[in-house]
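**Student:** Here it is: the structure, laid out below.
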Amino acid sequence: MARPYALIFVALLSFGAFAKDAPPAATDPAIEARMLTIAGELRCLVCQNQTIADSHAGLAEDLREEVRVMLRKGETDEQIIKYMTDRYGDFVLYRPPVKPTTMLLWFGPAALLVGGSAALLLVLRRRSRMPDDRFEPDESDEAGVVGSEARPS
């Protein structure tokens, strides 16, 4: 009887092998705070809709470390963000600037919403003007009509 418990105990102990090491404590809390502020403005390039501060992807960890190194060198927040946008383009910014190359990104969803609403309005207006004989009756409508006529009174 002790054997199944021993197997369960060994299985539970093996989960420790998959544990990750804790991230190293920040050597300078001021640099770490600035890094988190900058990382909150930069998009993770491999994740969907996450900043590099929130992401656990390997690339995000590398980018956070790169920001730390640049901060230790004395670069400003603007210099670091400019370096990242020069290297990865405006996509790396969590809130890209409004300029001709990002107009579709900023105004595309609104244009799709307006276009879709206009198309829906046109279809509904055309359907409301069509006579009833242009529509095919539903099967349930036909069954209800036939059933009520077929009943003896």
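**Student:** Starting from 0.36 nm per residue, how many nanometres of slack lie between VAL114 and VAL98 once their C-alpha separation is accounted for?
**Tutor:** In short, 3.8 nm is gained.
**Student:** Oh, and also: Would you mind classifying segment 26-97 by shape? Square roots of the alpha carbon gyration tensor eigenvalues, ordered a ≥ b ≥ c; an a/c under 1.5 is rounded, otherwise it is prolate if a/b is larger than b/c and oblate if not.
**Tutor:** oblate
**Student:** Also, I was wondering about something else. Could you give P(r) for segment 76-127, binned at 10 Å from zero, as whole percent values over all Cα-Cα pairs?
**Tutor:** 22, 31, 20, 15, 9, 3, 0
**Student:** Given the peptides 73-81, 119-127, 58-66, arrange them by the average over their residues of other C-beta atoms within 10 Å, most packed first.
**Tutor:** In descending order of packing, they fall as 58-66, 73-81, 119-127.
**Student:** Taking other Cβ within 10 Å of each residue's Cβ, how do THR37, THR27 sort, fewest first?
**Tutor:** Sorted ascending by nearby Cβ count, the order is THR27, THR37.
**Student:** Let me ask you something else. What residues have an amide H closer than 5 Å to that of THR51, excluding those fewer than 5 places away on the same chain, when H is modeled at 1.01 Å from N in the peptide plane?
**Tutor:** For THR51, whose amide H was placed from the backbone, the distant partners under 5 Å are CYS44.
**Student:** Apply 1/(1 + (r/R0)^6) to the Cβ-Cβ distance of HIS56 and LEU124, taking R0 = 30 Å, and write down the FRET efficiency to the nearest 0.05.
**Tutor:** For R0 = 30 Å, the calculated efficiency reads 0.05.
**Student:** Fewest first, what order do ARG134, ARG34 take by the number of other Cβ atoms within 10 Å?
**Tutor:** Ordered by Cβ neighbours within 10 Å, fewest first: ARG134, ARG34.
**Student:** For MET103, MET35, MET70, MET84, which order do you get if you count the other beta carbons within 10 Å of each Cβ and list the fewest first?
**Tutor:** Listing MET103, MET35, MET70, MET84 from fewest to most nearby Cβ atoms yields MET103, MET70, MET84, MET35.
Every number here is computed from the coordinates shown, using simple stated rules; none is lab data. The model shown is predicted, which means the values in this text are computed figures rather than measured ones. Cβ sites come from the backbone with ideal geometry, for glycine too, and all protein chains shown count toward neighbours.
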